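The values are calculated or read from the model by the stated rules, or taken from the named source; none is laboratory data. None of the values given here were measured: they were computed from a predicted structure. Cβ sites come from the backbone with ideal geometry, for glycine too, and all protein chains shown count toward neighbours. Note: areas computed on protein heavy atoms with side chains; ligands, DNA, RNA excluded. Shrake-Rupley method; radii C 1.70, N 1.55, O 1.52, S 1.80 Å.
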Amino acid sequence: EVQLVESGGGLVQSGGSLRLSCAVSGFTFGDYAIAWFRQAPGKERERVSCFSTSDGTSYFENSVRGRFTISSDKTKNTVHLQMNDLKPEDTAVYYCAAVASFGLLLCDNMNYWGQGTLVTVSS
């Protein structure tokens, strides 16, 4: 019953923008923190961002800080990752994940994962 579905991936050129979406269902939206992770070919999975659906606070890893932003639509139980100034090194499969954080900005030990969406940035 708990489900996360990513969408919005695709092919863009360097410097372009893309918006990913994570639609969640099966649990109370405001009780969870939503994280974005990515895994590039030959690299380990890395956390990109963390977002509290309770109060809207967020943080970003250094690699994307200043280029990526997060927003949410509570009526649709959806979190968006706006990716700007994309670089080839951003190429990866992007996953959203959820954990019951109950208002805390906490994105460790994620319990639920989406299937991933591929982002390819050409040089």
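Values for this structure:
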| item | result |
| --- | --- |
| Close pairs from segment 24-47: first without any contact (Cβ under 8 Å) to a residue 40 or more places away in the chain and over 13 Å from residue 116 (Cα atoms), partner among the charged types (D, E, K, R) and outside any loop (DSSP other than H, G, I, E, B), Cβ under 9 Å, at least 6 apart | 46/38 |
| Odd one out for residue 118, checked against (1) out of contact with any Lys or Arg (no Cβ under 7 Å at 6 or more places or on another chain); (2) without any contact (Cβ under 8 Å) to a residue 24 or more places away in the chain | (2) |
| Qualifying positions in segment 34-66 - hydroxyl-bearing (Ser, Thr, Tyr) and either open to solvent by less than 60 Å² (accessible area, probe 1.4 Å) or part of a loop (DSSP other than H, G, I, E, B) (or both) | 49, 52, 53, 54, 57, 58, 63 |
| Residue pairs meeting the criteria (Cβ under 7 Å; at least 6 apart or on separate chains; first without any contact (Cβ under 8 Å) to a residue 12 or more places away in the chain, in segment 56-73; second open to solvent by 40 Å² or more (accessible area, probe 1.4 Å)) | 71/82 |
| All positions within segment 42-89 that are in contact with a His (Cβ under 8 Å, 6 or more places away or on another chain) and among the hydrophobic types (A, V, I, L, M, F, W, C) | 70 |
| Hits in segment 72-91 (condition: in a strand (DSSP E or B) and either loosely packed, with under 13 Cβ neighbours inside 10 Å or over 12 Å from the mean Cα position of the chain (by Cα) (or both)) | 73 |
| Residue identified as hydroxyl-bearing (Ser, Thr, Tyr) and open to solvent by less than 30 Å² (accessible area, probe 1.4 Å) among 117, 28, 69 | 117 |
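Residue-by-condition table, conditions (1) basic (Lys, Arg); (2) more than 16 Å from residue 23 (Cα to Cα); (3) modelled with pLDDT of 95 or more:
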position: 43; (1), (2), (3): yes, yes, yes
position: 46; (1), (2), (3): no, yes, yes
position: 59; (1), (2), (3): no, yes, yes
position: 64; (1), (2), (3): no, yes, yes
position: 87; (1), (2), (3): yes, yes, yes
position: 94; (1), (2), (3): no, no, yes
position: 97; (1), (2), (3): no, no, yes
position: 105; (1), (2), (3): no, yes, no
